[in-house]
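The values are calculated or read from the model by the stated rules, or taken from the named source; none is laboratory data. Worth saying up front: this structure is predicted, and the values here are computed from it rather than measured. Here the Cβ is made from the backbone with ideal geometry for all residues, glycine too, and neighbour counts use every protein chain on show.
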Amino acid sequence: MATKDEVLEGLAEIVNEIAGIPTEDVALDKSFTDDLDVDSLSMVEVVVAAEERFDVKIPDDEVKNLKTVGDAVDYILTNA
Amino acid sequence: MTAENRTVVVTGIGAFTPLGADAASTWENLVAGRSGVAALTEEWAEELPVRIGARTAVEPGEILPRPLARKLDRSAQFALIAAREAWADAGYETPATDESSKLAPERLGTVIASGIGGVTTLLDQYDVLREKGARKVSPHTVPMLMPNSPAANVGLEVGARAGVHTPVSACASGAEAIGYAIEMIRTGRADVVVAGGTEAAIHPLPIAAFASMMAMSKNNDDPQHASRPYDKARDGFVLGEGAGVVVLESVEHAEARGARIYCEAVGQGLSSDAHHIAQPEPTGAGVARALADLFERNELDKAEIVHVNAHATSTPQGDTAELKALRKELGDDLDHIAISATKSMTGHLLGGAGGVETVATVLALHNRLAPPTINVDDLDDDVDADIVRGEARKLPEGRIAALNNSFGFGGHNVVLAFRTR
């Protein structure tokens with residue numbers, strides 16, 4: 001089971017790979033769309049990469065609720 | 001000039017080709033007669049009948065940032081790099097949508113073509129689907145593989161709102177794009193259009209498919225001499241990749257902003273063969289009709305034409321059919337025309353060819369220099385025209401014009417004309 005810091009670190013690496021944002025800028029309060037240059041298509045990539053990395057299922061209906069990095073971290077910690 | 005017949009000029013050029021990552025290095029290598037063809041060393045090439053190709057001189061990933069590159073098909077990557085160069089070369093510093101821009105985005109268009117579109121994206125994502133399942137197919141697949149993706153991405157880059165278009169006519173696509181762009185400006189729909197062609201089809205499937213048609217050179221042991229238009233030993237084209245883009249502009253718009261003008265884009269001639277889906281019409285009748293259309297619809301003095309960048313792909317039938325058409329329409333004037341087949345160096349870029357060869361034609365006029373055709377060791381007896389062989393040749397002083405020919409599977413014939421000012 002990953003810790004909160006480990007999940008944040010993992011998501012930061014995924015966002016860096018997909019959107020080119022420096023990992024240190026990927027913080028819990030950041031919005032994927034408004035702060036991290038992750039549009040709706042790239043968000044699908046983030047979700048699929050997170051599913052693989054954290055062995056979690058993120059249903060399509062759930063993706064719209066993941067507005068911030070913190071939302072995603074919480075979902076992964078709860079459901080992984 | 002009425003709004004329906006405005007004069008169009010070339011104010012910017014950009015190229016990303018097997019001979020260089022920009023127009024200047026591509027031109028330098030064209031003039032020097034260097035080949036961009038090499039052996040394909042990928043593992044997948046080992047089992048193919050054709051194992052040569054003309055890859056771009058530089059990988060686009062060395063120029064574009066990774067987050068951008070991964071959302072673009074290779075063909076769009078080439079187009080974007082060439083378009084950025086052309087845009088800057090024309091003196092534009094910001095997108096037209098930028099507040100500081102003096103050019104209204106509603107007066108700016110893009111027309112970028114490719115013959116095949118995002119074929120490597122399509123095939124790579126099919127591999128992902130089969131090997132890893134539907135969930136792993138990239139959400140960027142459709143915007144990457146659609147053939148209008150290069151035009152649309154360049155349109156986003158420069159902020160074009162007058163229209164973004166993608167004519168598709170196989171190997172004539174790039175030239176057709178530039179012709180379409182000339183018409184957009186001539187008829188008043190736009191003041192500035194970024195236009196050209198791109199292709200990225202070096203992948204085992206297109207190579208196997210073209211090879212099955214007996215269309216490609218199988219000179220695997222001697223890649224640099226495989227593309228040999230007009231030579232008796234020519235045995236098909238060599239597949240190349242890359243993009244060529246120009247910025248076209250109404251002369252009034254260009255002069256008002258004090259832009260450097262390379263030359264005039266006089267116009268286009270078009271026709272179709274109604275002969276065969278993939279074979280060239282052997283007498284050159286379709287090409288001759290495109291030339292006749294050019295002269296009928298544009299004010300162009302045949303005696304001013306001193307250079308032709310020929311389509312000449314190094315196929316046995318096509319090269320000489322084109323020359324027959326030029327002789328039919330130009331008569332004795334053909335004797336003072338320096339003909340260059342730059343595919344002898346770049347390979348055949350399919351939908352990218354018309355773009356790259358337009359850049360070459362514009363630079364030939366601008367520098368008054370016709371690039372050589374390499375590998376013509378034993379000229380075909382049917383060649384009744386002045387092929388520039390060996391070294392580049394100086395073109396005359398005074399007002400001169402040049403043609404760029406492109407033809408495509410399906411029987412598409414496009415002739416573009418350019419003239420010094």
- Task: Give just the number: which of (1) under 11 Å from the mean Cα position of the chain (by Cα); (2) within 13 Å of chain B (Cβ to nearest Cβ); (3) not in a loop (DSSP other than H, G, I, E, B) does A:Gly10 not satisfy?
- Result: (2)
- Per-region count, the stretch B:370-391, residues more than 19 Å from B:Leu326 (Cα to Cα) and surrounded by fewer than 20 Cβ atoms within 10 Å (Cβ to Cβ): 4
- Note on the structure: Quick count over the stretch A:13-39, residues being farther than 18 Å from A:Ile76 by Cα, more than 13 Å from chain B (Cβ to nearest Cβ) and not in a helix (DSSP H, G or I), is 0
- Of all residues making up the stretch B:354-368, the number that are out of contact with any His (no Cβ under 8 Å at 6 or more places or on another chain) and either basic (Lys, Arg) or surrounded by 20 or more Cβ atoms within 10 Å (Cβ to Cβ) (or both): 10
- Message: If I filter the stretch B:383-399 for residues that are closer than 18 Å to B:Cys171 by Cβ and among the hydrophobic types (A, V, I, L, M, F, W, C), do I get at least one hit?
- Response: no
- Item | Top-ranked residue of the stretch B:206-259 - restricted to ones that are basic (Lys, Arg) and out of contact with any Ser or Thr (no Cβ under 8 Å at 6 or more places or on another chain), ranked as nearest to B:Ala83 (Cα to Cα) | B:Arg257
- Note on the structure: Per the list (1) more than 30 Å from A:Met43 (Cα to Cα); (2) at pLDDT 95 or above, residue check on B:Ala3 breaks on (2)
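From the list B:Lys71, B:Lys102, which residue is within 14 Å of chain A (Cβ to nearest Cβ), in contact (Cβ under 8 Å) with a residue 12 or more places away in the chain and either not small (Gly, Ala, Ser) or not in a loop (DSSP other than H, G, I, E, B) (or both)?
Numbers: B:Lys102 fails: within 14 Å of chain A (Cβ to nearest Cβ).
Selected residue: B:Lys71, the only one of B:Lys71, B:Lys102 that is within 14 Å of chain A (Cβ to nearest Cβ), in contact (Cβ under 8 Å) with a residue 12 or more places away in the chain and either not small (Gly, Ala, Ser) or not in a loop (DSSP other than H, G, I, E, B) (or both).
Got a number for residues in the stretch A:55-80 being in a loop (DSSP other than H, G, I, E, B), of a type outside the set (Val, Ile, Thr) and under 23 Å from B:Lys136 (Cβ atoms)? Break it down stepwise before answering.
At the first step, the residues of the stretch A:55-80 found to be in a loop (DSSP other than H, G, I, E, B) are A:55-59, A:64-67, A:80.
Imposing the further condition that a residue be of a type outside the set (Val, Ile, Thr) reduces the set to A:55, A:57, A:59, A:64-67, A:80.
Subset that is under 23 Å from B:Lys136 (Cβ atoms): A:55, A:57, A:59, A:64-66, A:80.
Number of matching residues: 7.
State yes or no: is B:Glu255 among the acidic types (Asp, Glu) and without any contact (Cβ under 8 Å) to a residue 12 or more places away in the chain? It would help to see each step written out before you state the result.
Numbers: among the acidic types (Asp, Glu): yes; without any contact (Cβ under 8 Å) to a residue 12 or more places away in the chain: yes.
Yes.
Results for (1) in contact with a Ser or Thr (Cβ under 6 Å, 6 or more places away or on another chain); (2) under 25 Å from B:Ala69 (Cα atoms); (3) aliphatic (A, V, I, L, M); (4) within 11 Å of chain B (Cβ to nearest Cβ), shown as yes or no for each residue.
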position: A:Leu41; (1), (2), (3), (4): no, yes, yes, yes
position: A:Ile58; (1), (2), (3), (4): no, no, yes, yes
position: A:Glu62; (1), (2), (3), (4): no, no, no, no
position: A:Asn65; (1), (2), (3), (4): no, no, no, no
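Could you please let me know if B:Pro95 is of a type outside the set (Phe, Trp, Tyr), without any contact (Cβ under 8 Å) to a residue 40 or more places away in the chain, surrounded by 15 or more Cβ atoms within 10 Å (Cβ to Cβ) and outside any helix (DSSP H, G or I)?
Values: of a type outside the set (Phe, Trp, Tyr): yes; without any contact (Cβ under 8 Å) to a residue 40 or more places away in the chain: no; surrounded by 15 or more Cβ atoms within 10 Å (Cβ to Cβ): yes; outside any helix (DSSP H, G or I): yes.
When the stated conditions are applied, B:Pro95 does not pass them.
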- Message: Which residue is farthest from B:Ala195 (Cα to Cα), if the candidates are limited to the stretch B:55-67 and must be crowded, with 16+ Cβ neighbours inside 10 Å and within 14 Å of chain A (Cβ to nearest Cβ)?
- Response: B:Pro67
- Message: Tell me yes or no: at least one residue of the stretch B:198-216 is surrounded by fewer than 24 Cβ atoms within 10 Å (Cβ to Cβ) and among the charged types (D, E, K, R).
- Response: no
